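In what follows, a structure is listed as structure tokens, so that the remarks can point back to it.
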Amino acid sequence: MRKNLEIPKGKRTPKYRFFEILPGFISYAAIILLFVFSLIDPVLGAIYLFIIIASTLVKAISVAYRTVQGYEVIKRAERVDWRRRLEDLKDPHAAYERLRDDNSKSYHHEEHIENLKLMAAMPSEYLDPEKTLHVIIMTAYNEPIEVLRPSIKAIKSSTFPKDRIILALAYEERGGEAMAKTVQTLYQEFKNVFKDFILIKHPDGLPGEVIGKGPNLTYAGHKISEYFKKKHLPVDNTIVTSLDSDNRVHPKYLDNVAYEFVTHPDRQRLSYQPVSLFMNNIWDAPAPTRVIAVSNSFFNVITTMRPHALRNFASHSQPLQALEAMDFWSKRTIVEDGHQYWRSLFFFGGDYTVLPIRIPIYQDAVLDETFLKTIKAQFIQVRRWYYGASDVAYVAVRLFTKKSERPMPFWQLFPKFWRLLDGHVTLAIMAPLITFGAWVPMIMNTSSHAMVGYNLPNIVSIIETFAMIGLIATVLVSFRMLPPRPAKYRKGRNISMLIQWILLPVTSILYQSIAAYYAQTRLMLGHYMEKFDVTKKVVKK
């Protein structure tokens, strides 16, 4: 079973290569088709483009609605006393009797009462909340202590009992002597805060590994398993959360995850996905990376409102028992987070779900030492994210195979495959078609039908005006999401936070479309990305 989960190493089969080429082929063909249709008949080109633009309008309205809805849901989840709810689970019958006539409209209050009722009726199906453990694996490469310390302090500030948190700082040997000194300093500072603080050094150059976060996580996972055996700790009541060095958990996050873990009998077939918000240093970042950071935060807010489409991204939590069974994360991809969804889905034969946790984990926007370095680092980061197109082939070869070899039913997997493929193609084609597509029919054809081509830019402009309504709504929400403005910045910084959105067309083309085409072209040519280019973390003082 484990062998079937792995990404091929070296030469791929013709079938696998076909599906590696497919996303890039469709993305290039979608642009070429506009020119071909416009050359044949400008009306045909206009209809083709109009269908794409109209679908964008529908999506823009949906984005605005989901963003506002998601933001409100996050705020409601943050107001819940998850520690108190976990306390209720210790004596569910008494808590049920106390709360069953309570008409509170707080987040998932009715669901909480139903959980108490079920736990009181079938106690053997549920865990003891007092015995739940959290293991946090924080990965690091060469980040300064100014980045790592606040992330550890955020865990320390958690409302979850610290004597049931095991923190593993998994650092890379290739980080050098400076990294080794940093982790020792942090160990001395925090060694008495948690149940245990473990330092795990991932050796450089182990066979069968790409240079990336996945191998580090998996190596740390095996060390954690050894630790649990040595200490005779149970794995079935333990949750593992992977964190990047700049990730700062909300104080209630661990309690929220523990609550969902305890109250779901199928807990081993679930992973728990928080909302990633790139807001730690948003006031320090330059305008282009601020736009991207806020846009990506919006995307994560929207996705949490669509559980059927939710996949693992960045930091997430998963049961230790399940991770051990599937040999933790992949060591052969630089996008181990999104790929983990597919590994888990296939390992459990389709009986696997990503459960949305509406409590955020805060991350850094891209920030390097200079403006130009920041712009370059941002492109490197998003092209790595969009290399998730490599999962199209991984999923397709399991979908389009014999029924006896398919890990789950065809019609259960096909919609997931389609959303994966459509998402990566849309990333590549949408920005250039919206920005420049309306001019193509007019330029490519001067026939008597070309009047349609001359009018098309005006029609598209009207549609885009309606789409701006969605953008305005999301911009207003973005101001509510921002952390307090640091004292070192004057109020004029607020104005720049508004003006920055004129950069959206530029960032959409450069950091969305071009980055997506870059990743998909690498796949088409078989020039695989096998090195995780770490985004440098700079703290602006």
- Name the single residue, out of those in segment 111-152 being of a type in the set (S, T, Y) and not in a helix (DSSP H, G or I), that is farthest from P203 (Cα to Cα). Y126
- Query: Looking at (1) modelled with pLDDT of 85 or more; (2) over 22 Å from the mean Cα position of the chain (by Cα); (3) in the same structural domain as W439 (by TED's automatic domain parsing), can you tell me which one R100 breaks?
  - Reply: (3)
- Filter segment 311-331 for residues that are under 25 Å from T507 (Cα atoms) and polar (S, T, N, Q); which is surrounded by the most Cβ atoms within 10 Å (Cβ to Cβ)? N312
- Query: Are any of the residues in segment 222-243 assigned to a helix (DSSP H, G or I), of a type in the set (V, I, T), touching a Phe, Trp or Tyr at 6+ places or on another chain (Cβ under 8 Å) and farther than 30 Å from E530 by Cβ?
  - Reply: no
- Task: Return yes when L413 is closer than 25 Å to F347 by Cα, of a type in the set (A, V, I, L, M) and surrounded by fewer than 19 Cβ atoms within 10 Å (Cβ to Cβ) and no when it is not.
- Result: no
- Which of (1) surrounded by fewer than 11 Cβ atoms within 10 Å (Cβ to Cβ); (2) assigned to a helix (DSSP H, G or I) is the odd one out, the single condition A487 does not satisfy? (2)
- Message: If L217 meets every condition in (1) more than 28 Å from I334 (Cα to Cα); (2) in a helix (DSSP H, G or I) apart from one, which number is that one?
- Response: (1)
- Note on the structure: Just one listed residue, out of T159, T132, is within 17 Å of P319 (Cα to Cα) and of a type in the set (S, T, N, Q), and it is T132
- Query: For the subset of segment 190-207 comprising residues that are of a type outside the set (A, V, I, L, M), without any contact (Cβ under 8 Å) to a residue 40 or more places away in the chain and in contact with a Leu (Cβ under 8 Å, 6 or more places away or on another chain), which member is farthest from K153 (Cα to Cα)?
  - Reply: D196
- Residues satisfying the stated conditions in segment 91-107, i.e. surrounded by 13 or more Cβ atoms within 10 Å (Cβ to Cβ) and touching a residue at least 12 places away in the same chain (Cβ under 8 Å): P92, H93, A95, Y96, L99, S106, Y107
- Message: Let me confirm something: among V395, V452, V460, V477, which residue is crowded, with 18+ Cβ neighbours inside 10 Å, modelled with pLDDT under 90 and farther than 26 Å from F37 by Cβ?
- Response: V477
- Task: Within segment 200-235, track down each residue that is touching a helix residue (DSSP H, G or I) at 6+ places or on another chain (Cβ under 8 Å), crowded, with 19+ Cβ neighbours inside 10 Å and among the small types (G, A, S).
- Result: G212, G214, G221
- Message: Kindly evaluate I113 against the criterion of being among the β-branched types (V, I, T) and assigned by TED's automatic domain parsing to the domain that holds S27.
- Response: no
- Task: For residues that are acidic (D, E) and either outside the structural domain of L217 (by TED's automatic domain parsing) or farther than 15 Å from S271 by Cβ (or both), tally how many sit in segment 305-340.
- Result: 1
- Could you check how many residues of segment 56-103 are closer than 16 Å to H250 by Cα and among the β-branched types (V, I, T)? 3
- Query: Of everything in segment 416-440 that's more than 21 Å from the chain's Cα centre (by Cα) and free of Cβ contacts under 8 Å to residues at least 60 places away in the same chain, which residue is surrounded by the fewest Cβ atoms within 10 Å (Cβ to Cβ)?
  - Reply: F436
- How many residues of segment 280-310 are outside any helix (DSSP H, G or I) and either of a type in the set (S, T, Y) or crowded, with 22+ Cβ neighbours inside 10 Å (or both)? The answer is 4
- Restricting segment 197-241 to residues that are modelled with pLDDT of 95 or more and more than 28 Å from the chain's Cα centre (by Cα), the one nearest to L127 (Cα to Cα) turns out to be L233
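The values are calculated or read from the model by the stated rules, or taken from the named source; none is laboratory data. None of these values were measured; they are calculated from a predicted model. Using ideal geometry, Cβ is built from the backbone for each residue, glycine included, and neighbour counts are taken over all protein chains shown.
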